[in-house]
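J.: Have a look at this one before I ask anything.
We did not get these values from a lab; they are worked out from the coordinates using the rules stated. Keep in mind that what you see is a predicted model, and the values were worked out from it rather than measured. Neighbour counts are summed over all protein chains in view; Cβ atoms, including those assigned to glycine, are modelled from backbone coordinates with ideal geometry.
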């Protein structure tokens with residue numbers, strides 16, 4: 001009699017255990033389904049937002065001709081020159097670097113690069129270009145233009161040569177090269193070593209005035 005009762009209790013226990021496991025698995029499945037639906041919904045919203053942002057950026061880029069863009073790996077900084085009007089653009093020299101000379105995402109001895117200043121005007125007008133350094137420049141960093149290979153120690157020295165005249169609807173491109181020269185002398189090498197540890201990037205402003 002006791003053996004039968006014991007077997008009966010075991011069977012009841014197994015049945016109850018099976019029911020509990022079944023209920024738990026059903027609850028877990030429902031939660032998983034809800035989570036899955038939530039993540040699918042979240043992903044669709046996120047994807048839609050990204051698409052809208054990309055479309056907005058694309059539209060803005062197509063309408064703003066003065067944006068800084070890279071064309072053929074050369075950064076172009078555009079200005080619409082107007083009479084008695086001065087425009088300003090900020091530039092980080094690191095963004096104009098030649099990737100072949102890039103060293104640990106920073107300007108360093110031996111690195112070089114170039115950028116274009118692109119001028120447009122709806123009228124015949126005179127212009128002048130000026131620069132202003134926003135932080136210290138490496139001592140042996142030099143600048144020169146494609147029209148004049150003379151090396152300048154600062155951009156401020158270079159801007160004395162950047163004056164001229166634009167004809168109506170003309171697109172004028174001024175190509176500027178730069179290079180951090182090294183191994184020119186023992187004294188310069190020591191200076192380069194010191195400055196390379198302190199300087200990561202060089203920032204400056206470009207001013208274009210029409211008159």
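J.: Please report the relative contact order for the stretch 66-211, taking Cα pairs under 8 Å with a sequence separation of at least 6, and give it as a percent rounded to a whole number.
T.: With pairs under 8 Å counted, the relative contact order is 37 percent.
J.: Rank these for me by crowding, 79, 18, going from fewest to most other beta carbons within 10 Å.
T.: With the sparsest Cβ surroundings first, the list reads 18, 79.
J.: While we're here: Taking 8 Å as the Cα distance limit and 6 or more residues as the minimum spacing, I'd like the relative contact order of the stretch 94-177 as a percentage.
T.: Computed value for the stretch 94-177: 39 percent relative contact order.
J.: Follow-up. Which residues in the stretch 167-185 place their backbone N less than 16 Å from a point set 7 Å from the Cα of residue 106 along the Cα-to-Cβ direction?
T.: It comes to 180, nothing else.
J.: Could you list 16, 208 so that the one with the fewest beta carbons within 10 Å of its beta carbon is first and the one with the most is last?
T.: 16, 208
J.: Can I ask one more? With a 10 Å Cβ neighbour count serving as the proxy for reagent exposure, in which order, fewest first, do 194, 125 appear? Could the numbers behind the result be given before it?
T.: On the way: 194 12, 125 19.
Least to most surrounded, the residues fall as 194, 125.
J.: Looking only at the stretch 169-211, which residues have a backbone nitrogen under 11 Å from a spot 7 Å from the Cα of residue 124 in the C-beta direction?
T.: none
J.: Where the centre of each part is set by its Cα atoms, how far does the stretch 79-113 sit from the stretch 132-211, in angstrom?
T.: Value for the Cα centre distance between the two parts: 9 Å.
J.: Using 7 Å Cα-to-Cβ label points, what is the residue 16/residue 85 separation (nm, one decimal)?
T.: 8.6
J.: Now for a different question. Want the number for residue 150 to residue 98: 0.36 nm per residue separation, take away the alpha-carbon distance, what's left?
T.: Taking 0.36 nm per residue and subtracting the Cα distance, the gain is 16.7 nm.
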